[in-house]
Amino acid sequence: MAVDYEQIRNENIREYGEGTRHLAFFERLYSDGAHFILEILQNAEDAGARAVDFVLTNDLLEIRHSGREFNDRDVRGICGVGESTKDEDYTQIGRFGIGFKSVYAYTDTPAIHCRGEHFEIQHYVRPFQIRPRRIEKPWTTLIVLPFNKASVDPDHAHSEIGKRLRNLSSRTLLFLSNVAAITYSIDSEYGKYERRSTRAADASLVSVSSSSSSAPAAESEQWLVFSRSVVLEEGGEPSVPRSDTVPPLQLAFLLEDTSGQLSRKPRSVSRHGKNGRESLSHRAIVPLDASPLTVFFPTEVESGLGFLLHGPFRTTPARDNIPTQDTFNLSLIRQAAEYLATYVLRSIRDNGLLNVAFFDVLPLETGWFREDEFLRPVAAAVRDSLVEEDLLPSADGGFVSGRKAVLGRGQDIRGLLSTRQLHELFGINEGVQWLSGDITSDNAPGLRTYLRTTLSILEVTPETMAPRITDHFLEQQSDEWMARFYECLLGWEALWKQQRGMTAKTALRDRPIIRLEDERHVSPFDKKGNPQAYLPAATNLQLPVVRHAIVRHASAREFLVRLGLTEPDIVIEVIEDVISKYTCGGPPPSAAEHQRHIAAILAAWQTDSKVKHARLKEALVETPFVRYRCRGTGEQGYARPGDVYIPTNDLVIYFEGTPDAKFAVTSYTAEVRDFLGTTGVASVPRCVSVGYGEPSSPERPWIRGIVENVLLDGLAAR
């Protein structure tokens, strides 16, 4: 049935009056006059069009789309004010009935042609039938906007509209369900915006692109778009699903191709996708520089999110702003927050897209989301989800909740301390896991700060660990662990390196961090700064040396050397730790111990230092370290070199009359005997000066015997 334009015209004259000056505000509805292009796209979307075409010439703009044809209600809506057929229909965009009026910024007589209906609108609200125009397939509707506005130069209109068409952005199509292609021609120039959508994971993979004759290479973006139904109550407030009448909430994440850039393949995603859906492998989610809240098209409300949030929000009449205290809008935000936290984040994780870089997309900057902020529920929901859900990347490649997560400063500390060791040192639950090593101050400063401050996650550092290390803890660790510990300490110099002029104690220099060969633990130095342990040396000295199984690791030995430990000074150690055992007044060393001591003394005797050699000889001469046996009495013990003889045959015969003569034990090798000779052990009888009347000395009897024999031999010779 044909539309009665005269009836509609007369009704509008009665409704709005004979004059139209009061309707001129439609010309100034938007600060950007060319904004009407979005209004036309909204009408085409609501009409179910799949494509829209703009043709701009010097004196007019023609718009074609493939949507539903106009009927009586549509004519009344486009010619009325506040009488849109979309007034209570949440499924359609332009529900204020005034969006189309923005074309009056450039024209006084917009015309509309579709099958059976051909009219132009004069004075904003008065339709008049005009001569029909043929519309080529596949188009169903033609809108003609002649540049006949007296206050607007046609060249200016051409320039402004052309600029808007060129800069429309392929994102314009992102949240449209119907319109998938926008084409334009400006004189001899032409361009195109396209949208393609496939299923990927639990969302839609939407590709939008733009190309033009002036820039043939297409620019494209890929978006991962999650959608859920809005819940409504009676009267439009949230309560029960009404997905058949209400546009969905949508969260759109920008993707980038990371082929050849990923350090590891996303988990659970095959190259060809699953169940016929497109794979998300070699893609990563990246944050947006700007993310206005969107009601099909961007509003002026910046969300501060790193992704786009779209929903059927109630807006101001110009659809450029969103009342933040509106009950319905607040409900949509709460629903979006719940959807993000309980579904979207899990899906992103399960499809290999939740890495450390992804967190730049989330609302972690709490300063932006103040308590009274419209979008605060989104930040709060993300926070609660990160605390309770396994969503934080862990060091083992999996995920962990904030309740069970621990930050470690540096790969070395994460590789050093196990869950059990963390429990022992810090008293935290044994079920904790290290967070990913990618969460560093350089790589993810915002996330690291958020985890420590907002989620109160413990950060383990060398500085916090060092004071908790005890000898009891160290005694429980293996030699391999101790070697790794020393390797870590190489990079933690502040904990143990004593700086010149430094008076404050370091955290570990005075703690029992050195494991000895007998598995005891001691601090590296005593209170006077003397070493309490040495690096193992090629001797059998009974000295406190670091455990061989640890020192064989090059990095562990390097740490011990830089700490200040050295191999023992064999001369000093023989004097202080070997020779001293023969003068301490304790039980004499056993034969086996003495054999080891002699070996150590011989090794020290090889020093090329004349000073040390002289000092060692001086000490040996005065020390009863030579093992002897008296042949006449059987007495055994240790005596000074000057009191002992080498048991040669001549001397044994010579001292037959002296039972208490001390002979070095026969177990000494020739090498040892030669050495003992240099310290004072004699291989010939000693000359002993004995004064007249002096009390008998141990050697006096055999001296007297020698004299008597000499005299008798002399008399016999005469």
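Do we find a residue being in contact with a Phe, Trp or Tyr (Cβ under 6 Å, 6 or more places away or on another chain) and over 25 Å from R9 (Cα atoms) anywhere in segment 147-155? Scanning segment 147-155, I find at least one residue that is in contact with a Phe, Trp or Tyr (Cβ under 6 Å, 6 or more places away or on another chain) and over 25 Å from R9 (Cα atoms), so the answer is yes. With respect to (1) assigned to a helix (DSSP H, G or I); (2) at pLDDT 95 or above, the lone exception for D390 is condition (1).
Counting only residues that are among the aliphatic types (A, V, I, L, M) and in contact with a helix residue (DSSP H, G or I) (Cβ under 8 Å, 6 or more places away or on another chain), segment 294-307 holds 1 of them.
Scan segment 456-474 for residues that are surrounded by 17 or more Cβ atoms within 10 Å (Cβ to Cβ) and not β-branched (V, I, T) and jot them down. It would help to see each step written out before you state the result.
Let us first name the residues in segment 456-474 that are surrounded by 17 or more Cβ atoms within 10 Å (Cβ to Cβ), namely 457, 460, 462, 465-466, 469, 474.
The answer is P462, M465, A466, L474.
For segment 563-580, a tally of residues being assigned to a helix (DSSP H, G or I) and under 19 Å from Q532 (Cβ atoms) returns 10.
Could you check segment 180-204 and list, in sequence order, the residues that are closer than 21 Å to A49 by Cα and surrounded by 20 or more Cβ atoms within 10 Å (Cβ to Cβ)? Steps first, please.
Taking segment 180-204 as the starting set, the residues that turn out to be closer than 21 Å to A49 by Cα are 180-185, 190-198, 204.
Across segment 180-204, the qualifying residues are I182, Y184, Y193, R195.
State which residue is farthest from the chain's Cα centre (by Cα) when the search covers only segment 532-552 and only residues that are modelled with pLDDT of 85 or more and among the small types (G, A, S). So the residue we want is A533. Residues that are under 19 Å from L354 (Cα atoms) and either of a type in the set (A, V, I, L, M) or open to solvent by less than 70 Å² (accessible area, probe 1.4 Å) (or both) within segment 424-444 comprise Q433, W434, L435, S436, G437, I439, T440, A444, listed in sequence order. For the structure I just gave you, tell me whether A336 is small (G, A, S), closer than 21 Å to R228 by Cα and buried (at least 21 other Cβ atoms within 10 Å of the Cβ). Spelling it out, A336 is indeed small (G, A, S), closer than 21 Å to R228 by Cα and buried (at least 21 other Cβ atoms within 10 Å of the Cβ).
When we screen G586, G642, G677 for residues that are in a loop (DSSP other than H, G, I, E, B) and either touching a strand residue (DSSP E or B) at 6+ places or on another chain (Cβ under 6 Å) or not basic (K, R) (or both), the only hit is G586.
Note on segment 454-499: residues that are assigned to a helix (DSSP H, G or I) and either in contact (Cβ under 8 Å) with a residue 40 or more places away in the chain or not small (G, A, S) (or both) amount to 26. Just to be sure I understand, how many residues within segment 542-562 are open to solvent by less than 20 Å² (accessible area, probe 1.4 Å), assigned to a helix (DSSP H, G or I) and out of contact with any Phe, Trp or Tyr (no Cβ under 6 Å at 6 or more places or on another chain)? Of the residues in that region, 3 qualify.
When T679, T633 are checked against the criterion of being under 19 Å from S580 (Cα atoms) and of a type in the set (S, T, N, Q), T679 stands alone in meeting it.
Listed conditions (1) open to solvent by 50 Å² or more (accessible area, probe 1.4 Å); (2) modelled with pLDDT of 95 or more are all met by P298, apart from (2). Would you check if there is a residue in segment 503-519 being farther than 30 Å from E463 by Cβ, of a type in the set (A, V, I, L, M) and touching a residue at least 12 places away in the same chain (Cβ under 8 Å)? Within segment 503-519 (the criterion being farther than 30 Å from E463 by Cβ, of a type in the set (A, V, I, L, M) and touching a residue at least 12 places away in the same chain (Cβ under 8 Å)), the answer is no, since none of the residues qualifies.
Please enumerate the residues belonging to segment 620-637 that are open to solvent by 50 Å² or more (accessible area, probe 1.4 Å) and farther than 22 Å from A604 by Cα. Within segment 620-637, R629, R631, G632, T633, E635, Q636 qualify. For V231, the stated conditions do not hold, so it cannot be described as crowded, with 17+ Cβ neighbours inside 10 Å, β-branched (V, I, T), over 30 Å from Q7 (Cα atoms) and without any contact (Cβ under 8 Å) to a residue 60 or more places away in the chain. Remark: pairs (first residue in segment 542-569, within 30 Å of W605 (Cβ to Cβ); second residue basic (K, R); Cβ separation under 7 Å; 6+ apart in sequence or on different chains) = V546/R515; R547/R515; V551/R557. The set of residues in segment 475-486 that are open to solvent by 40 Å² or more (accessible area, probe 1.4 Å) and in contact with a Leu (Cβ under 9 Å, 6 or more places away or on another chain) contains only R484.
If I ask for residues that are of a type in the set (A, V, I, L, M, F, W, C) and modelled with pLDDT under 90, which ones from segment 497-515 would you list?
Once the filter is applied, which keeps residues that are of a type in the set (A, V, I, L, M, F, W, C) and modelled with pLDDT under 90, segment 497-515 yields M502, A504, A507, L508.
Looking for something buried (at least 22 other Cβ atoms within 10 Å of the Cβ), modelled with pLDDT of 90 or more and either touching a Ser or Thr at 6+ places or on another chain (Cβ under 7 Å) or part of a helix (DSSP H, G or I) (or both) - is there at least one such residue anywhere in segment 18-37? The answer is yes, given that some residue of segment 18-37 is buried (at least 22 other Cβ atoms within 10 Å of the Cβ), modelled with pLDDT of 90 or more and either touching a Ser or Thr at 6+ places or on another chain (Cβ under 7 Å) or part of a helix (DSSP H, G or I) (or both).
Results for (1) not in a loop (DSSP other than H, G, I, E, B); (2) not hydroxyl-bearing (S, T, Y), shown as yes or no for each residue.
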| site | (1), (2) |
| --- | --- |
| Y124 | no, no |
| F128 | yes, yes |
| I143 | yes, yes |
| V152 | no, yes |
| D155 | yes, yes |
| E160 | yes, yes |
| I182 | yes, yes |
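Quick grid of which residues meet (1) more than 18 Å from L168 (Cα to Cα); (2) acidic (D, E); (3) assigned to a loop (DSSP other than H, G, I, E, B):
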position	(1), (2), (3)
S281	yes, no, yes
A290	no, no, yes
E300	no, yes, no
L305	yes, no, yes
F313	yes, no, yes
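Kindly provide the set of residues from segment 586-619 that are of a type in the set (S, T, N, Q), modelled with pLDDT under 90 and open to solvent by 50 Å² or more (accessible area, probe 1.4 Å), ordered by number. Answer for segment 586-619, where residues must be of a type in the set (S, T, N, Q), modelled with pLDDT under 90 and open to solvent by 50 Å² or more (accessible area, probe 1.4 Å): just Q606.
On the stretch given as segment 282-328, residues that are polar (S, T, N, Q), under 18 Å from A379 (Cβ atoms) and touching a residue at least 40 places away in the same chain (Cβ under 8 Å) total 2. Just a yes or no: is a residue in segment 645-662 open to solvent by less than 60 Å² (accessible area, probe 1.4 Å), hydroxyl-bearing (S, T, Y), closer than 19 Å to S580 by Cα and modelled with pLDDT of 95 or more? Among the residues of segment 645-662, not one is open to solvent by less than 60 Å² (accessible area, probe 1.4 Å), hydroxyl-bearing (S, T, Y), closer than 19 Å to S580 by Cα and modelled with pLDDT of 95 or more, which makes the answer no.
State all residues of segment 383-405 that are open to solvent by less than 70 Å² (accessible area, probe 1.4 Å) and within 11 Å of L455 (Cα to Cα); if no residue qualifies, say none. Break it down into steps so the answer makes sense when it comes.
Filtering segment 383-405 down to residues open to solvent by less than 70 Å² (accessible area, probe 1.4 Å) leaves 385-387, 389, 391-395, 397-402, 405.
Of everything in segment 383-405, those that are open to solvent by less than 70 Å² (accessible area, probe 1.4 Å) and within 11 Å of L455 (Cα to Cα) turn out to be S385, L386, V387, S401, G402, A405.
Only one of the listed residues (P323, P363) is open to solvent by 30 Å² or more (accessible area, probe 1.4 Å), on the phi < 0 side of the Ramachandran plot and out of contact with any strand residue (DSSP E or B) (no Cβ under 8 Å at 6 or more places or on another chain). That residue is P323. For segment 422-439, the set of residues classified as closer than 20 Å to G491 by Cβ and without any contact (Cβ under 8 Å) to a residue 40 or more places away in the chain consists of L422 only.
The values are calculated or read from the model by the stated rules, or taken from the named source; none is laboratory data. None of the values given here were measured: they were computed from a predicted structure. Glycine also receives a Cβ, built like all others from the backbone with ideal geometry; neighbour counts cover every protein chain displayed. Accessible surface is based on the protein model in full, side chains and every heavy atom, while ligands, DNA and RNA are left aside. Shrake-Rupley method; radii C 1.70, N 1.55, O 1.52, S 1.80 Å.
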